[in-house]
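The next block holds one structure in the form of structure tokens; read it before the comments.
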Amino acid sequence: MNAAQRPILFGLIAIALGACGGKNEKSTQTQDSVRTVQTPKQIDEVVGIAIIEPAARISQLSAETGGLIRAINVNVGDQVQKGQVILTMDNAVETAQLQQANVKIKTQQDAIETARQNVQTLRVQLEKAQADLKRNETLFAGKALTPKDLDDSRYAVQNLQQQIRAAEAQVRQAQGQVASLRADIQYANTVAGLKTVKAPTSGTLLSLDAKVGQYLSNNQSIGEFAPAGPLVAITEVDELFALKVKVGQKAYVRPQGSDERLSTGTVVLASPYLRKKSLFADNTANLEDRRVREVRVQLDDPGKVIIGARVECVISVK
């Protein structure tokens, strides 16, 4: 090969190498494009932060009327039955009103009995007056009685009939007053009953912010109450996975940041709508612009968790 041919040969080699490099680069770009559009992996589980609550939700205890606390009958953590008295306020005034109403109704019942006896007496007198009138009419027919005496007999009968009607009206009026007094007694009983705070249903007293000698205002909250029944884990699922969660799916709860399973459970509620994230937001005025679906999981072993605890809830959606 002479000196003149060498540059031409080197040029051809460079062009060939460039073509091969371009082909390799194009192949690499094609492979990268394929990797970018690969189908994402199937989602088998949805995880959310949950809070443990009774299925019937925690309720606030409050006093319906104001008063001075006289006695507290239960302790925090006690199991109570529906209607059981949790605390009692001073009700001396209400008790006195109730006693007064009972005295009034007893007096009124005596008055009714007296009025009935008066009616009975007047009826006996009327029977005698009617008999006298009949006899006097016979005497008058035989000209043995003056017209004045006959008129007096008729007047006596009419007068007694009028007195009986008046006495019977008094009985009815007195009976009507008894009904009013019974309503007063019912009212006094109701007012006296408001001087206690009772368990709204069977359950557990979670907290009680009250002490003997403290004065309670109307509708003042004094503690929290957990109704008896199953416990649920309440969580919020991001809208990206909301449609994957369905009632009946299996789930379990675990401590945050741990793989330990505290209890298994079943989805019993998947909210029919999306709302703003709120369940675990510390500042409700600064929420992310994302929507979530509320989900409730009923736990199989509630003894392993505590009401109010925050846990991770893992829902199987495969």
Pairs with Cβ under 9 Å, 6+ apart, first in region 55-80 and within 30 Å of residue 295 (Cα to Cα), second modelled with pLDDT of 90 or more and aromatic (Phe, Trp, Tyr): 58/225; 59/225; 60/225; 61/225; 80/225
Identity of the residue in region 127-172, among the β-branched types (Val, Ile, Thr) and part of a helix (DSSP H, G or I), that ends up most open to solvent (accessible area, probe 1.4 Å): 138
Check on residue 253, in contact with a Pro (Cβ under 8 Å, 6 or more places away or on another chain) and closer than 21 Å to residue 309 by Cβ: no
When residues of region 231-245 are limited to those that are modelled with pLDDT under 95 and not β-branched (Val, Ile, Thr), the one surrounded by the most Cβ atoms within 10 Å (Cβ to Cβ): 236
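The values are calculated or read from the model by the stated rules, or taken from the named source; none is laboratory data. The model shown is predicted, which means the values in this text are computed figures rather than measured ones. Quick reminder, even Gly has a Cβ in these numbers, built from the backbone with ideal geometry, and neighbours come from all protein chains shown. Side chains included, ligands, DNA and RNA excluded: accessible areas come from the protein's heavy atoms. Shrake-Rupley method; radii C 1.70, N 1.55, O 1.52, S 1.80 Å.
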